[in-house]
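Q: Have a look at this one.
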Number of protein chains: 4
Amino acid sequence: MKERVQTAVVGVTGYAGAELARLLLHHPRLKGTPPVFAGRIDEKEAKRGGVFLTDVHPQLADNNGSASLRLEPFSWELLADRGVKVLFLATPHEQSRSWVPDALDRGLRVVDLSGAWRLTKAAHRAVYSFEDEGSQVATAVQAKSVYGMPELHRAEISAAQLVANPGCYATSIILALRPLIEAGLLDLEHGIVADAKSGVSGAGKAPTAKTHYMYAADNLSAYGVFTHRHTGEILEQTGIAGDQLVFTPHLLPIPRGILSTIYVRFREPQTRENVAHVYKQFFAESPMVRLYDTALPQIQYSVRTNYADIGYQLAADGRRAVVVSCLDNLLKGASGQAVQNLNVMLGWNEAEGLE
Amino acid sequence: MKERVQTAVVGVTGYAGAELARLLLHHPRLKGTPPVFAGRIDEKEAKRGGVFLTDVHPQLADNNGSASLRLEPFSWELLADRGVKVLFLATPHEQSRSWVPDALDRGLRVVDLSGAWRLTKAAHRAVYSFEDEGSQVATAVQAKSVYGMPELHRAEISAAQLVANPGCYATSIILALRPLIEAGLLDLEHGIVADAKSGVSGAGKAPTAKTHYMYAADNLSAYGVFTHRHTGEILEQTGIAGDQLVFTPHLLPIPRGILSTIYVRFREPQTRENVAHVYKQFFAESPMVRLYDTALPQIQYSVRTNYADIGYQLAADGRRAVVVSCLDNLLKGASGQAVQNLNVMLGWNEAEGLE
Amino acid sequence: MKERVQTAVVGVTGYAGAELARLLLHHPRLKGTPPVFAGRIDEKEAKRGGVFLTDVHPQLADNNGSASLRLEPFSWELLADRGVKVLFLATPHEQSRSWVPDALDRGLRVVDLSGAWRLTKAAHRAVYSFEDEGSQVATAVQAKSVYGMPELHRAEISAAQLVANPGCYATSIILALRPLIEAGLLDLEHGIVADAKSGVSGAGKAPTAKTHYMYAADNLSAYGVFTHRHTGEILEQTGIAGDQLVFTPHLLPIPRGILSTIYVRFREPQTRENVAHVYKQFFAESPMVRLYDTALPQIQYSVRTNYADIGYQLAADGRRAVVVSCLDNLLKGASGQAVQNLNVMLGWNEAEGLE
Amino acid sequence: MKERVQTAVVGVTGYAGAELARLLLHHPRLKGTPPVFAGRIDEKEAKRGGVFLTDVHPQLADNNGSASLRLEPFSWELLADRGVKVLFLATPHEQSRSWVPDALDRGLRVVDLSGAWRLTKAAHRAVYSFEDEGSQVATAVQAKSVYGMPELHRAEISAAQLVANPGCYATSIILALRPLIEAGLLDLEHGIVADAKSGVSGAGKAPTAKTHYMYAADNLSAYGVFTHRHTGEILEQTGIAGDQLVFTPHLLPIPRGILSTIYVRFREPQTRENVAHVYKQFFAESPMVRLYDTALPQIQYSVRTNYADIGYQLAADGRRAVVVSCLDNLLKGASGQAVQNLNVMLGWNEAEGLE
């Protein structure tokens, strides 16, 4: 018999929240148990019992009862009353920093989609300027946190109380590099270039000068050169040194999808077959990674799926390669990976509800 | 010898302002006399002499000295000191309402791009809820105001002290209908449908939920059904009764351009030749209207030009027609028409600086 | 116990074909019974056993065995050998005309996505110039054909051997008008305007001057004015006379989605409540139509769903209304509706596999 | 008094041709002397005197007589009769290979926009598989050819009979690298990565699977990895060795514009000031290059201008830098640069007609 698992989502109003709601509402193991959607709701709306989910995200309306779901005023008591076991936080970094300790104290398992608990080194966390940096509580929570990339940390995730869901750019780059690095193929001294491009949903739902249609459309712009927050994740999860990586994100005029073009140099000349073997071995048990044979991934093939797609071309000299890695920043880069982590945490099929 | 004409622009920071700046900076009659760009500038920037125009609009940087132009703190004295003769207001409606009386008092000629002074009937102005509605000053100013569509009011514009530059939707619809109405061809009792579609720049530069890339891209939405502010202009300039027109604007996922599809019924069956004759006669002296022979206008052909493009198809019965009218909402729909009005006001070639 | 139903798809290589394949592969009643994909395959490929489905549509690759599916050389024997019961034709009009008689002879039930068998009146079929027009066979087949819009013809579809799947524009317009017409609300003498806008996938997969990115992007164009092929369907399914309807399609710069803005006049003044009641009654048993309360549908909410979304605004006089109807041209406008028809034909839940 | 210069354009039907026509028609030194537009025209059209330019490019219609311009059947006699002095070829590579020798024989000066005569080394030309490779005529013509980048070869261009107009990607990358290389700043042994992204117009006007709106829109794809034809130009014009450069082009979902993100390593740590100085010195006399101070170029600022925009960020260690180079692929990357070359060839102001 199926176990009934109650989930909750805080931060459903954003783009990642909408995808998370969609995935959880249609997850085969969660049928009949919709998540509790909780958040800060103004008093007037709270009196009326909360906001309808379909008012915030009209596209979620369907004929399966979604129309009656509401965002409710958050309280720990609400979660306790509903018997919530797994809490998803699609909240700003600072909010995740302050809420997670309480959640763990109350025995909840947490999947945090923010950058709050992803980084083990204080030097890397510095970009976030967390107020509680270095505190005893924060240090203890960080020690419990598992980086939520099942392809790398499946076993730890299954036992974790706190899963720090990876960044979107970081996911696309780490999955492309880790197999080559573990196999000892790369000349890391030479350095790696990761030129990454993301759709606008990656910039969040807040209307700003940079998310205005007129700024993003018919345009391409680089940003965060040498300084993007995801750099620390990439370094920690691949073991690359800080001065060996140049990572440049760009804002693409498309709604969603990431393509990272990654430039590596091998220690010894490689054949395509050898590289293919390394990737296949590494991802043999990973249903959410698709390896491309001769073609290269494109955003159009990865978008609206939870797959990370990886392909590559070698130079004629066998010393240099270009690896192309694609994913949907809201799915494998955020909410899809969060559900994948949920599946691993609960011992379910890792791909369940994601195809 | 050329007369030196000093212009000024208030409100250069928006999209229409950028186009206006570009047109005035490259206008052959204004070479060597760049506009005075004035506005509300915070104290810190004012101390430094104002903001550089190219900081606000990097695309305006060229090798003709544009890099040294600044936005200066507005004052009537500034305009007087510089010898400004024509003032362009690309400002919000309310601001135009309050500034224009002063400008006229000081002897400036004004081209106002807002909706402040376009409407002669109080009932139509009601949608703007002007604070000074009905005041003696406002009534006097309105009496002086000329609707700035040269194809309809060339003579009045040439003598006007205040030109109310038309709305973008209104321009595309009025130009398509007026020739047919004046020729007595239309069965107005039957009613007219104007289904109009505009690019996102029409929604302004302020970042809002509706100008967010994620809202506008890959989407189409109708808005302002039965209530859009440009309705009054269309009625006043065509003589159509309020219950004879249904005008529905839509937000297109493109940066700029308007296409209006207009459905009319003729009093008597018409031939294509007859309709063509009516249009050609009407626009015989109008260099900024292009009439299409057999093809229909498309946004791609009108955009980045100051032309209003008009084409049409008749039903086999000769009783019904679909008129398609295209223009660039920032040019013929705003700043291009403003410069066209300037040309008419100063007795220059109407198309100068616009091709 | 579930009945095993074998389906086949001819014409999987197009956009509608890809969506049809995706829906059938994930349909809960068809698990473990993938469709037979058949078509014209060149000799060389045929010798190798056919083309892989994922070579044609890389986005269909997933971890459920899709990678092994192939397009096979079509023959009636192939369908017989595989025990095919329901045949989907996503083929050009002429091909459907010539294949359907054979398919019916062989006892197959057919869902034809082309325009071949949708029209009962010869005058309306004239736009297709069918070679077999008026032949005994064609007349007999047409007599068996049921227009595949479950919201209108559910009972006939459940018993039909041949279902003519509706056109995309026609679906959006018929669903919006039929309830109002049946309730006797509309002044049809006055005439109806249907201004419709569709994404580029509606123009098909063949690369042409009009499907070139440079033509479609940042553009909007009207086409087929007074002559579009879907006009006949709309007239036949609504009972509107030919001179009472003006239908103008436009090409939108988006991949998929249709929004139709429909202008009607009521015989008597109506209230919003009355109109809402009419729609609700009409669609009470129709799970794939979503009625909007106060907001209007937008393409972004309908796209990638099988819903037809309908909303409306009334003029203050209660005499005129604007109805906005949205759907995804590849789903409710093509392949989703085809699967909906399959569900009805087999007595399954109409919405199964579509949410 | 102004010299009257008659130009001719072969290949006006493509995107580069349209821009070239627009620039030449509005060039201040060519007023009243429109180019001769010549090409292969079918017999029927030839009898009617040729095709109207505005039938091919409706956006070129204006009120300055463009409506009467025609494409005429090409012949050397036509060019001679009209007194053509400068011939622009916007033709396929092979056509330029076969026509240029004849043109030079007839004393014409030629600006060739194809890749036919850009490469001095046979090894680099191999990617084009020219039929006449190695012939005496081709060798002689190549010896006369000057690479048409005024910022590098101004003096040779002014005297050249044949100017080989550079490739779009090549222009954006060469202009960014050449100043740093000439100043001896770069560690070329380390290698250079040029990750470039171009709008769809770069793929040409022929409708293909890859220029279909449905392929390009909402997508990003890498192509030509390690094999793109522009590689040879970059190597020859910068002196970089073949195994020191990795150049990856990508297809952007925008109509026009190129952004190249270029990763370099310095031999010695550099300051921003030093790098700025090197660029400023190099481009001191180059009006069509804009150097960015602290911000980075974006496609939106370069598009529809003839500027090459260059900006850069240095790593904290001063050893690594990211250079961002933007231009409009149809202007500075093709027709704008062609007109710039015309200006240089005729001793006019290099920027004339380009601002």
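Any read-out appearing in this document is the output of simple, stated calculations on the displayed coordinates, not a laboratory observation. Here the structure is a predicted model, which is why all the values come from computation and not from measurement. FYI the Cβ positions are ideal-geometry reconstructions off the backbone, even for glycines, and counts take in every protein chain you see.
Q: Considering only DSSP beta bridges with both partners in region B:1-157, what is the antiparallel share in %, to the nearest 5? Working shown, then result.
A: Working: 2 of 16 bridges.
So the antiparallel bridges in region B:1-157 amount to around 10 percent.
Q: Can you pull the one-decimal nm distance between simple spin-label points at C:Ala206 and C:Ala241, each 7 Å off the Cα toward Cβ?
A: A separation of 3.7 nm, rounded to one decimal place.
Q: Which value in deg cm²/dmol, rounded to the nearest 500, describes the helix-derived mean residue ellipticity at 222 nm for chain B, given -39,500 (n - 2.57) per DSSP H run of n ≥ 4 and division by the residue count? Please report the intermediate quantities before stating the final value.
A: Working: 14 runs with 116 residues, N = 355.
Result for chain B, helices only: -9000 deg cm²/dmol.
Q: A further question follows. Mind listing the phi-derived Karplus ³J(HN,Hα) values for region A:294-306, rounded to whole Hz, using 6.51, -1.76 and 1.60 with θ = phi - 60°, and x for any glycine or proline?
A: For region A:294-306, the Karplus curve yields 10, 6, 10, x, 9, 4, 4, 8, 9, 5, 6, 10, 9 Hz.
Q: Quick one: which residues, 5+ away or cross-chain, put their amide H under 5 Å from the amide H of B:Gly39? H built at 1.01 Å from N.
A: The list, which skips near neighbours in sequence, is B:Glu72, B:Phe74.
Q: A further question follows. Find which of C:Gly39, C:His93, C:Pro207 sits farthest along the positive direction of the dipole of chain C, computed with +1 on the beta-carbon of Lys and Arg, -1 on that of Asp and Glu, about the Cα centre.
A: C:Gly39
Q: For peptide A:221-231, how many partner chain Cβ atoms fall within 10 Å of a residue's Cβ, on average? Please report the intermediate quantities before stating the final value.
A: On the way: counts 10, 11, 2, 1, 10, 8, 3, 0, 0, 0, 0.
The per-residue average across the peptide is 4.
Q: Would you mind checking which residues have amide H under 5 Å from A:Phe52's amide H? H placed 1.01 Å from N; only 5 or more apart, or other chain.
A: The answer is A:Leu71.
Q: I've got another one for you. Hey, got the average number of other protein chain Cβ atoms within 10 angstrom for residues in C:317-326? It would help to have the intermediate numbers written out before the result.
A: Values: counts 3, 0, 2, 6, 3, 8, 0, 6, 0, 3.
That average works out to 3.
Q: Provide the percentage of antiparallel DSSP beta bridges, counting only those with both residues in region D:168-329; round to the nearest 5. Present the calculation step by step, with values, prior to reporting the outcome.
A: Values: 23 of 33 bridges.
Within region D:168-329, antiparallel bridges account for around 70 percent of the total.
Q: Would you work out which of B:Ala321, B:Val344, B:Leu291 lies farthest towards the positive end of the dipole of region B:286-355? Charges go on Cβ: Lys and Arg +1, Asp and Glu -1.
A: B:Ala321
Q: Per q in 0.13, 0.15 1/Å, what log10 I(q)/I(0) does a Debye calculation on the alpha-carbon atoms of region A:228-355 return?
A: -0.62, -0.83
Q: Next question. Tell me the net charge near C:Arg154. Cut-off is 13 Å between Cβ atoms, C:Arg154 excluded, with +1 for each Lys or Arg and -1 for each Asp or Glu.
A: On the way: positive: none; negative: C:Glu151, C:Glu156, C:Glu285, C:Glu350.
My count for the surroundings of C:Arg154 gives -4.
Q: Next up: List the aspartates and glutamates whose Cα sits under 19 Å from the Cα of A:Lys44, skipping any in the same chain fewer than 8 residues away.
A: Within reach: A:Asp55, A:Glu72.
Q: Okay, moving on. Which order do A:Ile234, D:Ile240, C:Ile173 fall in if you start with the one that has the fewest other Cβ atoms within 10 Å?
A: Working: A:Ile234 25, D:Ile240 22, C:Ile173 28.
Ascending Cβ contact count within 10 Å gives the list D:Ile240, A:Ile234, C:Ile173.
Q: Now, a different point. Kindly give the distances from D:Gly204 to its copy-mates, label point to label point, with each label point 7 Å from Cα along Cα→Cβ, as nm values to one decimal ordered shortest first.
A: 2.4, 4.5, 4.7
Q: Additional query: Which aspartates and glutamates, on any chain, are close to B:Lys121 with Cα under 13 Å apart, when same-chain ones fewer than 8 places away are left out?
A: Qualifying aspartates and glutamates at Cα under 13 Å: B:Glu133, B:Glu233, B:Glu236.
Q: What's the exposure ranking of D:Arg125, B:Arg82, going from fewest to most Cβ atoms within 10 Å?
A: Details: D:Arg125 22, B:Arg82 16.
Arranged by neighbour count, lowest to highest, D:Arg125, B:Arg82 become B:Arg82, D:Arg125.
Q: Can you put D:Ser68, D:Ser135 in order, fewest other beta carbons within 10 Å first?
A: Numbers: D:Ser68 9, D:Ser135 13.
Taking fewest neighbouring Cβ atoms as first place, the list is D:Ser68, D:Ser135.
Q: May I pose another question? For chain C, just say rounded, prolate or oblate: build the C-alpha gyration tensor, square-root its eigenvalues into a ≥ b ≥ c, call rounded for a/c under 1.5, and beyond that prolate if a/b exceeds b/c, oblate if not.
A: Numbers: a/c = 1.66, a/b = 1.61, b/c = 1.03.
Prolate, since a/c reaches 1.5 and a/b exceeds b/c.
Q: Nothing charged except the Cβ atoms of Lys and Arg (+1) and of Asp and Glu (-1): what's the magnitude of the dipole of region D:168-329 about its Cα centre? Round to the nearest 20 debye.
A: Charge dipole, region D:168-329, about its Cα centre: 420 debye, nearest 20.
Q: On a 28 Å Cα-Cα criterion, which of the cross-link pairs B:Lys47/B:Lys85; A:Lys210/B:Lys197; D:Lys85/D:Lys197 come out too long? Each step should come with its number before you reach the end.
A: Values: B:Lys47/B:Lys85 26 Å; A:Lys210/B:Lys197 24 Å; D:Lys85/D:Lys197 36 Å.
Beyond 28 Å: D:Lys85/D:Lys197.
Q: Give the distance, in whole Å, between the Cα centre of region B:1-68 and the Cα centre of region B:203-254.
A: Spelled out, the Cα-based centre of one part sits 30 Å from the other.
Q: R0 = 25 Å: FRET efficiency of C:Glu156 with C:Glu133, Cβ-based, nearest 0.05? Write out the running numbers ahead of the final one.
A: Details: r = 24 Å, r/R0 = 0.94.
It comes out at approximately 0.60.
Q: What distance in nm separates the simple spin-label points at C:Ala284 and B:Glu268, each placed 7 Å from Cα in the Cβ direction?
A: Rounded to a tenth, the inter-label distance reads 5.3 nm.
Q: Averaging over every viewing direction, what projected area does the convex hull of the Cα atoms of region D:20-89 cover, in nm²? List each step's numbers first, then the result.
A: Numbers: hull surface 19.7 nm².
Mean shadow area of the hull around the Cα atoms is 4.9 nm².
Q: List every residue whose amide H lies under 5 Å from the amide H of A:Tyr147, counting only residues 5 or more places away in sequence or on a different chain, with H placed 1.01 Å from N in the peptide plane.
A: A:Ala164
Q: Antiparallel versus total DSSP beta bridges in chain C: what percent is that, nearest 5?
A: Values: 25 of 55 bridges.
The antiparallel proportion sits near 45 percent.
Q: Right, here's the next one. Once a ≥ b ≥ c are taken as the square roots of the eigenvalues of the Cα gyration tensor of region D:138-293, is the result rounded (a/c under 1.5), prolate (a/b larger than b/c) or oblate (a/b not larger than b/c)?
A: Values: a/c = 1.71, a/b = 1.25, b/c = 1.38.
Oblate is the answer for region D:138-293, as a/c is 1.5 or above yet b/c matches or exceeds a/b.
Q: How would you classify the protein assembly as shown from its alpha-carbon gyration tensor, with a ≥ b ≥ c the square roots of the eigenvalues: rounded for a/c under 1.5, else prolate if a/b is greater than b/c, otherwise oblate? Don't jump to the answer; show the numbers that get you there.
A: On the way: a/c = 1.28, a/b = 1.06, b/c = 1.21.
Here the protein assembly as shown falls in the rounded category.
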